[in-house]
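The values are calculated or read from the model by the stated rules, or taken from the named source; none is laboratory data. As the structure is a prediction and not an experimental result, all values here were calculated from the model. Here the Cβ positions follow ideal geometry from the backbone for every residue, glycine too, while neighbour counts run over all protein chains shown. To get the accessible areas, we keep the full protein, side chains included, count just its heavy atoms, and leave off ligands, DNA and RNA. Shrake-Rupley method; radii C 1.70, N 1.55, O 1.52, S 1.80 Å.
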Amino acid sequence: QVQLVESGGGLVQPGGSLRLSCAASGSIISIYAMGWYRQAPGKQRDLVASITSAGFVTYAQSVKGRFTISRDNAKNTVYLQMNSLKPEDTAAYYCKMNRLRGDVWGQGTQVTVSS
């Protein structure tokens, strides 16, 4: 069974940085596109960043230039480096593995940006 476990969330001041990790077990990530999503209370879950198996990346306009998605296939882990954080980045962040047989989601990690 495939599992994704996110970590690295927490409370940070505006302008600060965090690095989220998404560790996969039960499957290798190298052949799948992976994505980071976020969901604030009362709002829909939105794509933040994605990376294909070939390493092609896309970002939501709101995080371009501040967030960086990367993958370490040897560690079976995807990362989201978040810099210059803003209060509006506050949300639960989720990792997703895109599979034809059905997507796999992690349980999420909370990021709170506040002074």
Subject >> Subset of segment 69-91 that is touching a helix residue (DSSP H, G or I) at 6+ places or on another chain (Cβ under 8 Å) and part of a helix (DSSP H, G or I) - its residue that is surrounded by the fewest Cβ atoms within 10 Å (Cβ to Cβ) >> reply: Glu88
**OP:** Within segment 1-13, work out how many residues are in contact with a strand residue (DSSP E or B) (Cβ under 6 Å, 6 or more places away or on another chain) and either open to solvent by less than 30 Å² (accessible area, probe 1.4 Å) or outside any strand (DSSP E or B) (or both).
**Re:** 6
Original post:
Only one residue in Ser30, Ser17 is open to solvent by 30 Å² or more (accessible area, probe 1.4 Å), polar (S, T, N, Q) and under 21 Å from Ser115 (Cβ atoms). Which one?
Top reply: Ser17
Original post:
Taking into account only those residues within segment 49-68 that are among the aliphatic types (A, V, I, L, M) and in a loop (DSSP other than H, G, I, E, B), which is farthest from Ile31 (Cα to Cα)?
Top reply: Ala60
**OP:** State which residue pairs qualify: first residue at negative phi and inside segment 25-37, second residue β-branched (Val, Ile, Thr) and assigned to a loop (DSSP other than H, G, I, E, B) in any location, beta carbons under 9 Å apart, and separation of 6 or more residues or different chains.
**Re:** Ser25/Val2; Ser27/Val2; Tyr32/Thr52; Ala33/Thr52; Met34/Thr52
Original post:
If you check every pair at least six apart or on different chains, which have Cβ atoms under 6 Å apart with a residue in segment 42-63 that is under 15 Å from Glu88 (Cβ atoms) first and a residue that is assigned to a loop (DSSP other than H, G, I, E, B) and open to solvent by less than 80 Å² (accessible area, probe 1.4 Å) second?
Top reply: Val48/Ala60
**OP:** Determine if segment 46-57 includes at least one residue that is closer than 24 Å to Ser114 by Cα, at pLDDT 95 or above and open to solvent by 30 Å² or more (accessible area, probe 1.4 Å).
**Re:** yes
**OP:** Sort out which residues of segment 92-110 are open to solvent by 70 Å² or more (accessible area, probe 1.4 Å) and among the aliphatic types (A, V, I, L, M), and write them in order of number.
**Re:** Leu100
**OP:** Look through Ser25, Ser62 and report the one residue that is open to solvent by 30 Å² or more (accessible area, probe 1.4 Å) and touching a helix residue (DSSP H, G or I) at 6+ places or on another chain (Cβ under 9 Å).
**Re:** Ser62
